[in-house]
Amino acid sequence: MTCPDVFRITDDDVGTEVDADGREHLGTCPACHLDLLVIRSAREAFEPEPEIRPDLDHLNELVMRRIAERRIQRAIVRPADVWVTALLGALTAAAAILTTGGHLQPGATTLELTLAAAGAGAVAAWAHRLAGRREHTLALQAART
Amino acid sequence: MTGWFERPTAAASMAGMAHALKATIVWTLGLVAAIVVFVTVAVDQPQPWSGWTWFAYVAGQLGFVLPFAAFAGGVAIWGRNTAVGSTAIAVLAGLLIGLASYASSEVVNPLAEYAALADQPDVADMRPFGPSTPAGKLRQLRFVDANPPGQYRVGHETRTPPNRVRLLLHVPAAFVVFSILNCLLGLYASRLTATLRDASRRNGCLAIGLAGGLGFFVAAYAASHPNRDWVAVSGVAAAWIPLAVPLLEAMVLGVMIRYREDVSVFDGLNSRNGPHPRGT
C-alpha cells in the first residue's frame, strides 16, 4: 500500500478532515507514525510561548505595515520619471522610423520626424502615468487589507 | 535565488508566456502604427497604395519590429512572475516571437508583394524567381551559382552576388535567434532593476532595451550594407556576426545579476559573520 501524505492527515492541520482509513494507517504503519511524531515535535518547537505571542503579533503587524508603506512609496511616479519616459519613448519611435528608412524617402522632413517622435513620447509618458496610478491604487488596496 | 534554467510548472509557463506575448504585441503594434502613420502621412508615394501593397508593407514592418519588441516580453515575464523557470519561458516566448517574425517577413510579406505585382505585364522579368520567400531565394542562389554573370550587381535578381543572396537567406534566421536573445535580455534587465522604484525600473528597462536594439541594428546594418564587396565578403558571416552584440550584452547583464544576487564565496571566507547575499 502507498503511504498517504502525513502532513495532510494530521489533526493539527486545521480544516482537514481525517478519514478512518488515514487514522488506521497511522496506527499500523511505523514509518508514518514516526513521521507524525517528528511533525508534531517540530510544530511544538516552533510554536511561540503564549506570553510572547502578543509581542510577536505586534512585530508582525509593524513589519507588514512597513512593507505596505514601502510598496506605496515605490509606486509613486515623479514628474522627472514621466519626462524621462517621454524622452525615451520619443527616441524609440524616432529610432523605429529611422531604421525602417521612413525619413530617407521623398517628402518626409526632419520636422515631421520630430513631431512623430514627440507624439510617441507623449503617448509613452501617458502610459507610464497610467501604469503608475494603477500600481499606486493596488498598493493602497493592499495596505488597507 | 531563482535558478537560471529550472523547469517551470505548466501553469507558470502559460501565465509567463501570456504576459510576454501580450507585452510584445502591445509594443509591436504601437511601433508599427507609428511607422505606418508616419510613412502614410509624411512620405510621398509614387502611386496610391493598393490593398496588397499596404498589407505587404505592414507585414514587413511587423516582421522587422517583432524581434526588437521581444525585449518587452522578457521584461513582462519577470515583472509578473518571479517563479522558477523564467529563463526557459523567455527562451520559448522568444522563439515563438522569432518564428512569427520570420513568417511575417519571409512568407507573408513577399507573397503579398508578389500579389501586388501580379497584374503588371513584366512581372516575370521583375521577379524571375517568383516571390522572394526562402524558396525563391534558394532558386535565385542556385541560379547565380550556376550562371555567374560577367559583372555582379546588387539589386539585379540574376546578377546578385551569391554571397549577398546567402546573406538575405540567413539574416531572417539570425533575427529569430535575436528574438530569443532579446527576450532573455528583457528578463535580465527586469531582474537587474528589481530593487529600483517602479517608475525608475520601467525607464531603466526601456533605456537598456533601446540601447541594445540600436546596438544590434547598427551592427547588422554595417554588416549587410549593399555597398560592401559581396563577391569577397561572406554572406553567412555577415548575417550571424552582429549577434555578438546582444550576446555580449547578455553576458554583461548576466555577470551583473550574478554579482548582485549570488552569495559571495570570498566574502564568506573573509567575513566573520559568514556568507551573505550581496547588493540586496
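Accessible surface of B:F38, taken over heavy atoms with a 1.4 Å probe and every protein chain present, rounds to 10 Å².
Sort A:R71, A:R144 from largest to smallest accessible area, using a 1.4 Å probe on the heavy atoms of the protein chains. Write out the running numbers ahead of the final one.
Numbers: A:R71 115, A:R144 180 Å².
So the residues, ranked largest to smallest area, are A:R144, A:R71.
Stokes-Einstein, applied to the Kirkwood radius of chain A over Cα pairs at a viscosity of 1.567 mPa s and 4 °C, places its translational diffusion at 60 µm² s⁻¹. Look at the stretch B:206-212: the mean tally of other chain Cβ atoms within 10 Å of its residues' Cβ atoms is 3. Solvent-accessible surface of chain B, taken per residue with a 1.4 Å probe and all protein chains present: 50 Å².
Averaged across the residues of B:213-220, what count of C-beta atoms belonging to other chains lies within 10 Å of each residue's C-beta? Intermediate results must be reported in sequence, preceding the final value.
On the way: counts 4, 5, 0, 0, 4, 1, 0, 1.
For peptide B:213-220, the averaged partner shielding equals 2.
Averaged across the residues of A:72-83, what count of C-beta atoms belonging to other chains lies within 10 Å of each residue's C-beta? Write down the numbers at each step before the final one.
Values: counts 0, 2, 7, 3, 3, 5, 3, 0, 3, 7, 2, 1.
Neighbouring Cβ atoms belonging to other protein chains average 3 per residue here.
Partnerless cysteines in the protein assembly as shown, where a partner means another cysteine C-beta under 4.7 angstrom, comprise A:C3, B:C183, B:C205. Sequence-ordered 3J(HN,Hα) estimates for segment B:18-28 from the Karplus curve with 6.51, -1.76 and 1.60 and θ = phi - 60° stand at 4, 5, 5, 5, 4, 4, 5, 5, 4, 5, 4 Hz, glycine and proline given as x. The residues packed around B:V165, meaning those with a beta-carbon under 12 Å from its beta-carbon, carry a net charge of +4 if Lys and Arg are +1 and Asp and Glu are -1. GNM on chain B, C-alpha springs below 10 Å: top fluctuator among B:A103, B:A239, B:A115? Between B:A103, B:A239, B:A115, it is B:A115 that shows the largest mean-square fluctuation.
Counting only Cβ charges, +1 for Lys and Arg and -1 for Asp and Glu, the dipole size of chain B around its Cα centre is about 680 debye.
Count charges around A:R74 for me, please; just the other residues with Cβ under 11 Å from its Cβ, Lys/Arg as +1, Asp/Glu as -1. Could you put the intermediate results ahead of the total?
On the way: positive: A:R70, A:R71, B:R197, B:R201; negative: A:E69, A:E135, B:D198.
Within the 11 Å Cβ shell, the charges total +1.
A simple packing score, the average count of other Cβ atoms within 10 Å per residue, orders the peptides A:33-40, B:95-102 as B:95-102, A:33-40, with the highest score first. Over the protein assembly as shown, the Kirkwood radius and the radius of gyration, each from Cα atoms, give a ratio Rg/Rh of 1.12. Listed values for segment B:147-161 are Karplus-derived 3J(HN,Hα) couplings in whole Hz (6.51 cos²θ - 1.76 cosθ + 1.60, θ = phi - 60°), namely 10, x, x, x, 9, 6, 8, 5, x, 9, 4, 8, 10, 6, x, and x replaces Gly and Pro. Each stretch of four or more DSSP H residues adds -39500 (n - 2.57); spread over every residue of chain A, this sum gives -25500 deg cm²/dmol at 222 nm.
Buried accessible area for the B:A pair, summed, 1.4 Å probe, in Å² rounded to 100? If you can, show how the numbers build up before the last one.
Numbers: alone 15100 and 11400 Å², together 24130 Å².
For chain B against chain A, roughly 2400 Å² becomes buried.
Any chance you could list the semi-axes, whole Å, largest first, of the equivalent ellipsoid that the Cα gyration tensor gives for segment B:10-259, using √(5λ)? Intermediate results must be reported in sequence, preceding the final value.
Working: eigenvalues 261, 89, 49 Å².
Rounded to whole Å, the semi-axes are 36, 21, 16.
Go through A:C29, B:C183 and list them by solvent-accessible area, largest first, probe radius 1.4 Å.
Final ranking, largest accessible area leading: A:C29, B:C183.
The values are calculated or read from the model by the stated rules, or taken from the named source; none is laboratory data. None of these values were measured; they are calculated from a predicted model. Counting neighbours? That spans all protein chains shown, and the Cβs are built from the backbone with ideal geometry, glycine included. All accessible areas refer to the heavy atoms of the entire protein, side chains included, with ligands and DNA or RNA removed. Shrake-Rupley method; radii C 1.70, N 1.55, O 1.52, S 1.80 Å.
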